[in-house]
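These notes are about the structure you will find just below.
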Amino acid sequence: MASLNVGNLGEYLREQRRAAQLSLRQLADATGVSNPYLSQIERGLRKPSADVLQQVAKALRISAETLYVRAGILDEREREELETRAVILADPSINERQKNVLLQIYDSFRRENGFVPGPGADGKANADPAADADADGDAGLRKDAGPRNGDGAGADATEDQDPHS
């Protein structure tokens with residue numbers, strides 16, 4: 001079987017697996033992917049799907065986006081954008097509405113600088129609308145984006161606010 005051009009994905013996976021002190025068999029058990037298939041990926045004989053890479057990343061506790069870039073599935077710029085979004089979404093010190101505002105501002109700056117928003121740039125913190133509802137049950141971002149419940153965020157987030165409202 002000829003080696004596929006998957007960059008240094010296989011070498012990288014082998015390094016990460018060894019750093020995690022896992023055998024190929026242990027990684028196979030943790031991912032639900034067969035031992036021979038993982039071996040072929042590490043040797044550059046197979047190009048794994050995004051789903052397989054996600055399982056491997058989860059088991060190795062590394063970024064799936066990094067694996068996607070190494071496998072040629074994702075562009076480096078898209079990876080950087082996804083990582084920025086992930087950091088915002090993972091911040092426990094801000095609420096869901098504030099995360100949405102930050103993501104919208106981030107997208108607006110990227111558009112202003114000539115970048116088209118990439119995957120996941122829908123302005124929502126979560127794919128599940130129910131998960132977007134914050135403590136008072138208000139899903140997503142309100143039209144006026146003004147402060148509420150004393151959190152003080154969002155008042156300057158929109159330019160078309162009516163000063164008399």
| query | Does Gln26 satisfy being modelled with pLDDT of 95 or more and open to solvent by 40 Å² or more (accessible area, probe 1.4 Å)? | reply | yes
| task | Return the pairs, sorted by first residue and then second, in which the second residue is open to solvent by less than 80 Å² (accessible area, probe 1.4 Å) and of a type in the set (Lys, Arg), the first residue lies in region 11-38 and is under 16 Å from Ile62 (Cα atoms), the beta carbons are less than 8 Å apart, and the residues are 6+ apart or on different chains. | result | Tyr12/Arg70; Leu27/Arg17
| task | Might you let me know whether region 37-51 holds any residue that is under 26 Å from Phe115 (Cβ atoms) and either part of a helix (DSSP H, G or I) or basic (Lys, Arg) (or both)? | result | yes
| Matching residues, region 32-51, being at pLDDT 95 or above, farther than 17 Å from Glu15 by Cα and of a type in the set (A, V, I, L, M, F, W, C) | Val33
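Mind checking which residues of region 63-96 are of a type in the set (Ser, Thr, Tyr) and either surrounded by fewer than 17 Cβ atoms within 10 Å (Cβ to Cβ) or modelled with pLDDT under 85 (or both)? Before the answer, list the steps.
Step one: of region 63-96, the residues of a type in the set (Ser, Thr, Tyr) are 63, 66, 68, 84, 93.
Ser63, Thr66, Thr84, Ser93 - these are the residues of region 63-96 that are of a type in the set (Ser, Thr, Tyr) and either surrounded by fewer than 17 Cβ atoms within 10 Å (Cβ to Cβ) or modelled with pLDDT under 85 (or both).
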| Search result, residues across region 97-116 that are under 17 Å from Arg77 (Cβ atoms), open to solvent by 30 Å² or more (accessible area, probe 1.4 Å) and assigned to a helix (DSSP H, G or I) | Tyr106, Phe109, Arg110, Arg111, Glu112
| said: Scan region 59-69 and tell me whether some residue there is touching an Asp or Glu at 6+ places or on another chain (Cβ under 9 Å) and of a type in the set (D, E, K, R). | reply: yes
| query | Of the residues Arg79, Arg70, which single one is farther than 15 Å from Arg14 by Cβ and assigned to a helix (DSSP H, G or I)? | reply | Arg79
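The values are calculated or read from the model by the stated rules, or taken from the named source; none is laboratory data. Computed from a predicted structure; not experimentally measured. Here Cβ is always computed from backbone atoms with ideal geometry, including for glycine, and neighbour counts include all displayed protein chains. What goes into the accessible areas is simple: the full protein's heavy atoms, side chains included, and nothing from ligands, DNA or RNA. Shrake-Rupley method; radii C 1.70, N 1.55, O 1.52, S 1.80 Å.
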